[in-house]
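Accompanying notes for the structure given below.
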Amino acid sequence: MQMLTQKRLRNENRAFAGTSGVSANAAGQRFKPAFRDCDTGRVEFSRFEDGRAAPVHMICGLPEEWVTERDPDGHALAVKQQIESGFVRAGVFYTREEAAELAKR
C-alpha cells in the first residue's frame, strides 16, 4: 500500500466515480468521509485544518501522529501508509468499496 496523499485520494475518487465510494454520492446515503488506521482501528472524521468537519476526504486535518510529511508552510502532504479512506455511517467505518457495495442494496 502506498502512502496516503491528496494524489492518492484523487485517484481513489476517479476509481469510485459514479458510486457511493466518493463523498458527493455517499452523503445522500448518510455516509460521512473518514479515515481509519488499519493497525490500531482508530477512526477519524475528515476535517479541515481548523477542525471543522469536511464534506470530502482531506488529510490536512488528520491527527499529528498520523502525518509523515509536511510542506514548508506546515500543511500535511502525506500520512502513514496504514491509513485508509472510507466513510462512517451509524458509528460504523466502511471502506470505499464497502460503502459503494452497501449503497447498491
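The values are calculated or read from the model by the stated rules, or taken from the named source; none is laboratory data. It should be emphasised that the depicted structure is a prediction, and the values quoted were computed from it without experimental measurement. Cβ sites come from the backbone with ideal geometry, for glycine too, and all protein chains shown count toward neighbours.
At-a-glance table
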| item | result |
| --- | --- |
| Residue that is farthest from A17 (Cα to Cα), among those in segment 76-103 that are exposed (fewer than 13 other Cβ atoms within 10 Å of the Cβ) and free of Cβ contacts under 8 Å to residues at least 60 places away in the same chain | G91 |
| All positions within segment 54-84 that are in contact with a Pro (Cβ under 9 Å, 6 or more places away or on another chain) and farther than 12 Å from L4 by Cβ | A54, P55, V56 |
| Contacts under 7 angstrom Cβ, first residue in segment 46-66 being farther than 17 Å from F87 by Cα and crowded, with 17+ Cβ neighbours inside 10 Å, partner among the β-branched types (V, I, T) and at pLDDT 95 or above, 6 or more apart | W66/V79; W66/I83 |
| Members of segment 9-45 that are farther than 13 Å from A103 by Cβ, surrounded by 18 or more Cβ atoms within 10 Å (Cβ to Cβ) and not hydrophobic (A, V, I, L, M, F, W, C) | E12, P33, R36, D37 |
